[in-house]
Structures are given as C-alpha cells and as structure tokens.
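For reference, the structure is listed below as structure tokens.
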Amino acid sequence: MDRSRRLSLLTPSGRLTLGNYLGALRPMAEQQARADCFYGISDLHALTVAHDPATLRATVAEQAAVMVAVGLDRSTVFVQSRVPAHARLAQLLECVVTTGELGRMIQFRTKGRGVASTRTSLLTYPVLMAADILLYRAEQVPVGEDQRQHVELTRDLAARFNATYGPVFTVPEMTTPPVGARVMDLADPTTKMSKSSTPGSIGILDDPDTIRRKVARAVTDSDVGPDAVRPDRDAKPGITNLLDVLAACGGSAAGITTYGALKAAVTDAVVAELEPVRRRCAELVADRTHVSDVVDRGTARACAVTEPVLAAAAAAIGL
Ligand code: ADP
Ligand code: NA
C-alpha cells in the first residue's frame, strides 16, 4: 500500500463552517486510509492579519477538538507554532527569497489593499508556507487556484537553495486536487461560504435549530412551476448551492418540486451530517484529555520529522 506523506494545514482564522467540513475536513478524514497524513493547525498564519489573542487561543482549541471529532486522530495532528522548525526554516528561506518576489504575490497585494498598516508577516507568509511544505519532504502538493503562486514560489526557493547550498530539499510537484463540493454562502450564493460568520454561513458546531433557521432564510429566486428546483449555476445560484449541499450531505432531490421542500430536505441532510460531529465535539471538550494527548503526540512526531530537515538546511547554509 502506498503510504506517501500528505500535509494539510488549516488556519484558525475563524470558526469552521460547513464549507470547511465538506471541502477540507471530510476529505482529510477519507485521505487517512491512503496516506501518512500530517494535519496542522497553522496558528502562525492566523497572525498575518489583525487578531485578538484570546479569540485565537479559543479558536485553536476548538479547531483541535473538531479535527479529532471528525476522526483525524488517526493521523499526526500538530500545532504549527509548537514545531519550532517551521519558524526557523522560514528564517533561513528569507535569505534566499527577495523582497521583490514577495511584493509581487497576488494574495499579498489583494489582502494588503486598503489596509492602512500591513503586517510584515503578511508579506513573508509565503516563506513560512514554503517552510511548512519543505519540512515534510512532500513530493506532491495538491493546490487550489488561490495558492498556486505560493507553491510555485516554494518550488523556486527549494530549487534555488539546493543549487546554491547543496541538495537539501525535495522540490514538490503541484497536483490538481480532486474537485470537491464548493459551498456558497446561503445569504449570498455568489460568494464562498467562509469563516467570517455571516448569517449565510453554517458553522460545523451549529445546533439543529440554528441550521434550520439559516437554511430557511437561504436566498432562492422567484421561479415557480414544476421545474423550478433544478441546477443552473448562473441563473439559479441559490438553488444550485442548496442542491449541491444536499447531494454532498448524502440527500436526494428526487421528487422535490418546491423550495420549501428542498429547504426541509437540506436541513435534514446537513443536521444528519453535522450532528454526530457536534455531539462528539461536546464530549471531547468536556474532557479535553484525549484532544490534548492527540495534539501532544502529533506535535512530538512533527518535531521529530522536521528537525533533521532543518538541521540539514542550517548546516548547508553555514550555521
Ligand atoms: P475560509 O475561507 O473558511 O477561511 P480557508 O480559505 O482557510 O477557509 O480554507 C480552508 C480549507 O477549507 C481549504 O481546503 C478550502 O478549500 C476549504 N474551504 C473553505 N471554504 C470552503 C467552501 N465554502 N466550500 C468548500 N471548501 C471550502
Ligand atoms: Na485561510
């Protein structure tokens, strides 16, 4: 069996949503059968924009519990800031990247736009991300469109470091991730459902009543008639999103002809999918021993795996 290594980081930048669950956490859980997975909580990445310390700490704790609740405790779950090699390798890679290269990154220019004072960590974020990837010697990095430029930079830095100081890093290949469900905001189905808790965003830990209320208020359209319940991404984004969510949660739209019935089916399917996670998470939060054990064990393994790579890079660069 192929036990290739897989790395995936999830930034604790807000409370996790149904989108994060269907698009990231559930596929991460499925991946465990095929690969030796490292699943990181990238708390350092959450420091690149204005943040509140107490909220960050609470978000990290909740994310760890959710990751265990969806079954990721069969993998190496770690906290990025507790694996010192991440920040230390980033420091070394800052010596092979130019300020010009970082200033040209589209995400930096987009996120920094209109912000009065931009943190330097936002500029250097792609270097920390390069360290995240290179430390685990990943051979393949599945990368979505928004991160392509950063992974391209990671490849450039790895190759440049190797050419200048010796062959330390595995230069990862970029692969296209399987197209998963892309969940749109229920209140504005033209934008992605995201961690910023808008009224149209369903939290993984929302209770059934909250889910029912949010789905009931989901934007639809004024179509009536027997074929109103049909997918059409351009003309009917709200209905298309509800149909996608229903299918992703194992429900069926067969025989459904009204928006009311569709919303009832979506509510039932989402509640059935999320309720076991919410219950398990509540148990885990009541007695945090298991979550702490999982994270401590995972963090120790992440340290053990990354230390030799950092040591090789430090030696090669002359430290
Ligand atoms: P967010 O937009 O919630 O801050 P991120 O951009 O940090 O989330 O993404 C974390 C992971 O969750 C990524 O793998 C991303 O593809 C997935 N993800 C986030 N939002 C959605 C969504 N609405 N639908 C599907 N997947 C999503
Ligand atoms: Na993010």
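The values are calculated or read from the model by the stated rules, or taken from the named source; none is laboratory data. Remember, predicted model here, so these are calculated numbers, not experimental data. Ideal geometry is used to build each Cβ from the backbone, glycine not excepted, and the neighbour counts take in all protein chains shown.
Can you pull out the residues in the stretch 1-36 that are among the hydrophobic types (A, V, I, L, M, F, W, C) and more than 14 Å from ligand 1 (Cβ to nearest atom)?
Of all residues in the stretch 1-36, those among the hydrophobic types (A, V, I, L, M, F, W, C) come to 1, 7, 9-10, 16, 18, 22, 24-25, 28-29, 33, 35.
Scanning the stretch 1-36 gives MET1, ALA33, ALA35.
Please count how many residues of the stretch 194-212 are closer than 11 Å to ARG15 by Cβ and not basic (Lys, Arg).
Of the stretch 194-212, the ones closer than 11 Å to ARG15 by Cβ are 194-197, 201-206.
Subsequent filtering for residues that are not basic (Lys, Arg) retains 194, 196-197, 201-206.
Adding up the residues that qualify gives 9.
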May I ask you to list the residues in the stretch 142-171 that are surrounded by 15 or more Cβ atoms within 10 Å (Cβ to Cβ), away from ligand 2 (no atom under 16 Å from the Cβ) and either of a type in the set (Ser, Thr, Tyr) or modelled with pLDDT under 95 (or both)?
THR154, TYR165, THR170
Do you know which residues across the stretch 11-68 are of a type in the set (Asp, Glu), free of Cβ contacts under 8 Å to residues at least 40 places away in the same chain and either in a helix (DSSP H, G or I) or closer than 15 Å to GLY203 by Cβ (or both)?
GLU30
Take the stretch 151-192 and flag every residue that is without any contact (Cβ under 8 Å) to a residue 12 or more places away in the chain and either within 15 Å of ligand 1 (Cβ to nearest atom) or part of a loop (DSSP other than H, G, I, E, B) (or both).
PRO167, VAL179, THR191
Considering only residues that are closer than 24 Å to VAL179 by Cβ, of a type in the set (A, V, I, L, M) and more than 14 Å from the chain's Cα centre (by Cα), look in the stretch 1-49 and name the one that is surrounded by the most Cβ atoms within 10 Å (Cβ to Cβ).
ALA35
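For (1) over 17 Å from GLY23 (Cβ atoms); (2) over 29 Å from the mean Cα position of the chain (by Cα); (3) small (Gly, Ala, Ser), each residue gets a yes or a no:
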residue	(1), (2), (3)
ASP206	no, no, no
VAL224	yes, yes, no
PRO231	yes, no, no
ASP234	yes, no, no
ALA254	yes, yes, yes
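Hey, can you tell me all the residues within the stretch 110-125 that are exposed (fewer than 11 other Cβ atoms within 10 Å of the Cβ) and either within 13 Å of HIS150 (Cα to Cα) or of a type in the set (Lys, Arg) (or both)?
ARG113
Kindly provide the set of residues from the stretch 23-39 that are aliphatic (A, V, I, L, M), at pLDDT 95 or above and within 16 Å of ligand 2 (Cβ to nearest atom), ordered by number.
If we filter the stretch 23-39 for residues that are aliphatic (A, V, I, L, M), which is where we start, we get 24-25, 28-29, 33, 35.
Still in the list and also at pLDDT 95 or above: 25, 29.
Answer for the stretch 23-39, where residues must be aliphatic (A, V, I, L, M), at pLDDT 95 or above and within 16 Å of ligand 2 (Cβ to nearest atom): just LEU25.
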